[in-house]
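Some notes on the structure that comes next.
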Amino acid sequence: MRLLNCSTRRFEEFCNEEISYSEYYDSPTRNYYSKATNKIINTMAKALEHGVNYVWIDSCCIDKSSSAELSEAINSMYLCRWFTRGWTLQELLAPSNVRFFDRRWNCFGTKRSICVVLSHITEIPEDALVGKAAEHRCSVAARMSWAAHRVTTRGEDIAYCLFGLFGVNLPLLYGEGATQAFLRLQEAIIQKSNDLTIFAWQRDQATSPERSGEPCSILAQSPSDFEGSGDIICSLFRNNPEFSVTNKGIRFNDWNFERYGSDPNIFEIPLSCRREWTRETGSLHITLYRLKGNVWYRRKNETFRLHKDFVKIGNAPGSNAALPYFHIMT
């Protein structure tokens with residue numbers, strides 16, 4: 001990291017305890033970053049002890065000066081670091097076997113042997129950690145929640161580090177900003193899945209009351225919006241409506257549900273999901289408000305909650321007309 005010294009008005013370099021691909025070949029640099037160098041040497045030594053002839057270390061095995069190589073690495077394999085880092089999530093989930101070492105390089109457990117502790121720390125179900133339940137069988141909302149408390153050095157990486165988890169392959173556009181990167185990720189997920197739990201998020205209630213009713217996107221701004229969605233499970237996808245990304249927002253087709261009530265400008269839509277541990281029947285839902293015509297929006301601070309009274313059109317006398325198609329703002 002390079003910072004300006006306010007007293008000397010000169011640039012100063014600060015060690016980030018990692019060695020890059022180019023620095024690895026420079027002996028003075030390796031000697032200067034002794035801790036990082038020792039970590040690499042000890043990693044190779046430990047691999048040889050276990051009969052492994054090759055290792056991959058994200059900090060030095062990717063030439064980050066090559067945008068093509070960096071993009072390929074992120075899109076094609078799971079990357080690195082631990083419990084509070086964004087990339088750590090992929091490194092934890094992808095391999096079938098993970099061994100954990102302390103600072104003295106003593107192995108104190110494997111992903112399977114300490115999965116109870118790992119699940120408590122990461123809030124990832126034990127079955128998903130050890131491969132008994134395929135990750136893709138967990139709802140989109142639940143998987144998003146696994147990254148809710150993670151951070152990345154570069155803002156966009158909070159979205160990019162989830163590409164592998166959701167099986168999407170997108171270009172890396174550093175400079176687009178974290179919110180735009182996460183929006184692109186959600187749009188790519190929608191193209192692959194009709195899992196409605198992608199809309200089962202709620203924002204931090206810090207928004208001032210006078211602004212809480214303002215329109216906002218139907219899509220979340222970051223994984224942190226899914227903080228409370230880890231226990232959401234979905235019903236059969238085949239019962240979900242068709243929806244897609246358009247230049248007017250998210251378009252829904254042939255949604256055969258409606259809301260009781262007299263206000264034609266408020267509509268509640270079921271997300272075909274529920275909390276895993278609840279005994280109540282019904283579906284979580286969100287409330288939409290009409291902007292104009294068939295264009296609707298979600299309000300800031302809008303929460304999702306259980307609704308038992310959704311009925312199919314034609315099954316309830318005097319029910320309002322259904323919406324054969326509509327768009328929700330993004």
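The values are calculated or read from the model by the stated rules, or taken from the named source; none is laboratory data. A quick note: this is a predicted structure, and the numbers were derived from the prediction, not measured. We place every Cβ from the backbone using ideal geometry, glycine too, and count neighbours over all the protein chains shown.
Figures for the structure shown
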read-out: Any pair with Cβ under 9 angstrom, 6 or more apart, that starts in the range 259-283 at a residue that is more than 21 Å from Arg299 (Cβ to Cβ) and ends at one that is at pLDDT below 75 and among the aromatic types (Phe, Trp, Tyr); value: Ser272/Phe237; Gly282/Phe310
read-out: Residue check for Cys115: farther than 26 Å from Arg203 by Cα, without any contact (Cβ under 8 Å) to a residue 12 or more places away in the chain and over 13 Å from the mean Cα position of the chain (by Cα); value: no
read-out: Positions within the range 139-155 being touching a residue at least 60 places away in the same chain (Cβ under 8 Å) and not β-branched (Val, Ile, Thr), in sequence order; value: Ser139, Ala141, Ala142, Met144, Ser145, Trp146, Ala147, Ala148, His149, Arg150
read-out: Flag if Leu183 is assigned to a loop (DSSP other than H, G, I, E, B) and modelled with pLDDT of 90 or more; value: no
read-out: Selection count where residues are exposed (fewer than 10 other Cβ atoms within 10 Å of the Cβ) and modelled with pLDDT of 80 or more, scope the range 10-46; value: 2
read-out: Selection count, the range 152-176, where residues are within 19 Å of Ile190 (Cβ to Cβ) and either of a type in the set (S, T, N, Q) or in a helix (DSSP H, G or I) (or both); value: 8
read-out: Every residue from the range 128-151 that is modelled with pLDDT of 85 or more and either among the charged types (D, E, K, R) or not in a helix (DSSP H, G or I) (or both); value: Cys138, Ser139, Arg143, Trp146, Ala147, Ala148, His149, Arg150, Val151
read-out: Strands (runs of 3 or more DSSP E) contained entirely in the range 197-272, each with at least 3 residues that are touching a strand residue (DSSP E or B) at 6+ places or on another chain (Cβ under 9 Å), modelled with pLDDT of 75 or more and closer than 23 Å to Tyr160 by Cα; value: 242-246
read-out: Selected residue (criterion: surrounded by the fewest Cβ atoms within 10 Å (Cβ to Cβ)) from residues of the range 126-137 that are closer than 19 Å to Asp195 by Cα and out of contact with any helix residue (DSSP H, G or I) (no Cβ under 6 Å at 6 or more places or on another chain); value: Ala134
read-out: Test set (1) of a type outside the set (Ser, Thr, Tyr); (2) modelled with pLDDT under 80; (3) buried (at least 19 other Cβ atoms within 10 Å of the Cβ) - Met329 fails condition number; value: (3)
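Residues checked against (1) modelled with pLDDT of 80 or more; (2) assigned to a helix (DSSP H, G or I); (3) surrounded by 14 or more Cβ atoms within 10 Å (Cβ to Cβ):
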{"site": "Cys80", "(1), (2), (3)": "no, no, yes"}
{"site": "Phe83", "(1), (2), (3)": "no, no, no"}
{"site": "Leu89", "(1), (2), (3)": "yes, yes, yes"}
{"site": "Ser96", "(1), (2), (3)": "yes, no, no"}
{"site": "Trp105", "(1), (2), (3)": "no, no, no"}
{"site": "Arg112", "(1), (2), (3)": "yes, no, yes"}
{"site": "His120", "(1), (2), (3)": "yes, yes, no"}
{"site": "Ile124", "(1), (2), (3)": "yes, no, yes"}
